[in-house]
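The values are calculated or read from the model by the stated rules, or taken from the named source; none is laboratory data. Here the structure is a predicted model, which is why all the values come from computation and not from measurement. Cβ coordinates were reconstructed from backbone atoms using ideal geometry, including for glycine residues, and neighbour counts include every protein chain displayed.
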Amino acid sequence: MTYYEAGGIICYPRLCSFQDIEEQTMFSSSAWAPETAPQRVEDVLKRIANDPLTDAVFIKPLPERARTQAKAAASKTGPLSGALISIKALFDLKGEVSTAGSPLLINNPPASEDAPCIANLDAAGGVFVGISNEPQLSYSGLGQNPSFGTPKNALDPARVPGGSSSGAAVSVALGLCDIAIGSDTGGSIRLPAAFNGIVGFKPTQASVSRKGGVALSQTLDSFGPLAKSVSDCELAWQIMAGRDVIPCEAALANLQVASNYGFDDLQPIVRDGFEALLSALREAKVPVREKDLSCMDIYANIERWQISAVEGRALFEEQFQSQKELFDPKVYARFARADNLSAVDYRRTVNLREELVEAFSQELGDGFVILPTSPALAPDLSVLDDPDEFNTANMRASRNTAFGNIADACGLALPFKFNGEVLSLMVLGPKGQDAKLLACGKALEPILAGL
């Protein structure tokens, strides 16, 4: 196995309707307490065992660890004491196999210790309820996993859940945990957050250690949280990163709409919802300017798929050559694209990426870009049946989010409602501006809630 070396509201055991879930999900902040953790754990475990809505959300529940942590929470004074947390399947958990959602890895030895960012959550009093599902090797934006099942979208079971942190997002949206820990290579935190109506935070890559995580792309992967509020994401990120836990005050920043990025081929409901959001910002006297991003001239020459295809293929080359039958065919086909690239092609792409990271930081300065998280609502499950439809839907869904990974941006996905649909606003900032971005997200939340 390859590892990085670089540094709620609970629905009790009844069948909740998807309307119930939507009402729980939007704009609510999790509330946890050490004294309620043991009973909440039992309620969640019972629901996982009996409620069909939770099918395939977890690759493995963690009843023994959750009960032990919940019991210990009463004697801890950590900021997460009693908070229920789900952990994406790519992270090392002591005594568990880090499968990354793939049968290719299920026979690997269990991890000898928690990944550092996960150990930080444990030390802060977190209660780990389960290992959340994901597409094989984190290589899909739609959330499909033919080996462990595909989680149901928490807002509409006829739609895909989004990926690759699919189980993570659904576990929060269904109220099975307060915070979920995921990874983001091309939008894999922000996209499922958008499709399930919650908050997703992709931090600057270097802010959270990636040691103890199964890699897809060393160049693009970031680790971060999903929750029902910006405050909960901020808390989880600070703890994962080993930072001081100091909540920032809500504070708006300079916002920019880049007319040459993120607005082509928008689904009408997404387009109209974003226009309504801009109107709400203007009514709230929030200054928003519209201006082209000149760094998009660099981005236009970057074939973003090349980095993850080549780097992922390099990490799993032995399995690619000898265990094709264990691959999701869609994942195998995406890795196979690396055969059509030369070392020169790949290096040129990485060089352009480094140029873009610097150009984006210089151009934005202390400001942020706002745009729809995805150009469209979560596609229907039917797109998973045809490889061509899958590829088209996958590329479209992650089109806006992928820029954030190429530019090493920090990014927030924030939910809002428009004409009966749950939409998502993405806010992107230059690397290292995470705290300021979170402060801005806190200031935007009440405006979004008023739509």
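Does at least one position in the stretch 358-376 carry a residue that is polar (S, T, N, Q), in contact with a helix residue (DSSP H, G or I) (Cβ under 8 Å, 6 or more places away or on another chain) and closer than 23 Å to ALA169 by Cβ? Yes, the conditions are met somewhere in the stretch 358-376. In the stretch 43-59, how many residues are charged (D, E, K, R) and in contact with a helix residue (DSSP H, G or I) (Cβ under 8 Å, 6 or more places away or on another chain)? Residues meeting the conditions: 1. Answer with yes or no whether ASP366 is crowded, with 21+ Cβ neighbours inside 10 Å and part of a loop (DSSP other than H, G, I, E, B). For ASP366, the condition - crowded, with 21+ Cβ neighbours inside 10 Å and part of a loop (DSSP other than H, G, I, E, B) - is not met.
Scan the stretch 76-133 residue by residue and report those that are of a type in the set (Ser, Thr, Tyr) and either over 20 Å from the mean Cα position of the chain (by Cα) or within 18 Å of ALA56 (Cβ to Cβ) (or both).
Here is the first cut: in the stretch 76-133, the ones of a type in the set (Ser, Thr, Tyr) are 77, 81, 86, 98-99, 102, 112, 132.
Once the filter is applied, which keeps residues that are of a type in the set (Ser, Thr, Tyr) and either over 20 Å from the mean Cα position of the chain (by Cα) or within 18 Å of ALA56 (Cβ to Cβ) (or both), the stretch 76-133 yields THR77, SER81, SER86, THR99, SER102, SER112, SER132.
Of the residues making up the stretch 116-138, just one is surrounded by fewer than 24 Cβ atoms within 10 Å (Cβ to Cβ) and of a type in the set (S, T, N, Q), namely ASN120. Count of the stretch 221-238 residues, restricted to those that are closer than 25 Å to GLU354 by Cβ and more than 13 Å from the chain's Cα centre (by Cα), is 0. Residues that are within 26 Å of ILE246 (Cα to Cα) and in the same structural domain as TRP32 (by TED's automatic domain parsing) do not occur anywhere in the stretch 92-113.
This table checks each residue for (1) of a type outside the set (Gly, Ala, Ser); (2) touching a Pro at 6+ places or on another chain (Cβ under 8 Å); (3) in the same structural domain as LEU235 (by TED's automatic domain parsing).
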{"position": "ALA397", "(1), (2), (3)": "no, yes, no"}
{"position": "ALA402", "(1), (2), (3)": "no, no, no"}
{"position": "ASN405", "(1), (2), (3)": "yes, no, no"}
{"position": "ALA413", "(1), (2), (3)": "no, no, no"}
{"position": "VAL422", "(1), (2), (3)": "yes, yes, no"}
{"position": "PRO430", "(1), (2), (3)": "yes, no, no"}
{"position": "ASP434", "(1), (2), (3)": "yes, yes, no"}
{"position": "CYS440", "(1), (2), (3)": "yes, no, no"}
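Pick from ASP345, ASP339, ASP244, ASP292: which is among the acidic types (Asp, Glu), under 24 Å from THR204 (Cα atoms), surrounded by fewer than 17 Cβ atoms within 10 Å (Cβ to Cβ) and over 25 Å from the mean Cα position of the chain (by Cα)?
Working: ASP345 fails: under 24 Å from THR204 (Cα atoms); ASP339 fails: under 24 Å from THR204 (Cα atoms); ASP244 fails: over 25 Å from the mean Cα position of the chain (by Cα).
Checking each option against the conditions leaves just ASP292.
Each residue in the stretch 303-327 was checked for being surrounded by 21 or more Cβ atoms within 10 Å (Cβ to Cβ) and outside any helix (DSSP H, G or I), and 2 pass.
Given the structure, is VAL383 out of contact with any strand residue (DSSP E or B) (no Cβ under 6 Å at 6 or more places or on another chain), of a type in the set (Val, Ile, Thr) and over 23 Å from GLU311 (Cα atoms)? Taking the combined requirement at face value, the residue satisfies it.
Report the residue count in the stretch 156-180 for those that are surrounded by 24 or more Cβ atoms within 10 Å (Cβ to Cβ) and either under 17 Å from ALA49 (Cα atoms) or over 11 Å from the mean Cα position of the chain (by Cα) (or both).
Here is the first cut: in the stretch 156-180, the residues surrounded by 24 or more Cβ atoms within 10 Å (Cβ to Cβ) are 160-180.
Now restrict to residues that are either under 17 Å from ALA49 (Cα atoms) or over 11 Å from the mean Cα position of the chain (by Cα) (or both): 160-161, 167, 170-179.
Adding up the residues that qualify gives 13.
Taking the criterion of being more than 15 Å from the chain's Cα centre (by Cα) and buried (at least 24 other Cβ atoms within 10 Å of the Cβ), the residues of the stretch 398-439 that qualify are ALA407, PHE416, LEU423, GLY429, PRO430, ASP434, LEU437, LEU438.
Residues of the stretch 264-275 that are surrounded by 16 or more Cβ atoms within 10 Å (Cβ to Cβ), of a type in the set (A, V, I, L, M, F, W, C) and not in a loop (DSSP other than H, G, I, E, B): VAL270, PHE274.
Okay, residues lined up against (1) within 20 Å of GLU234 (Cβ to Cβ); (2) modelled with pLDDT under 50; (3) buried (at least 18 other Cβ atoms within 10 Å of the Cβ):
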position	(1), (2), (3)
MET1	no, yes, no
ALA6	no, yes, no
ILE10	no, yes, yes
LEU15	no, yes, no
GLN24	no, yes, yes
PRO34	no, no, yes
ASN50	no, no, no
LEU53	no, no, yes
ARG67	no, no, no
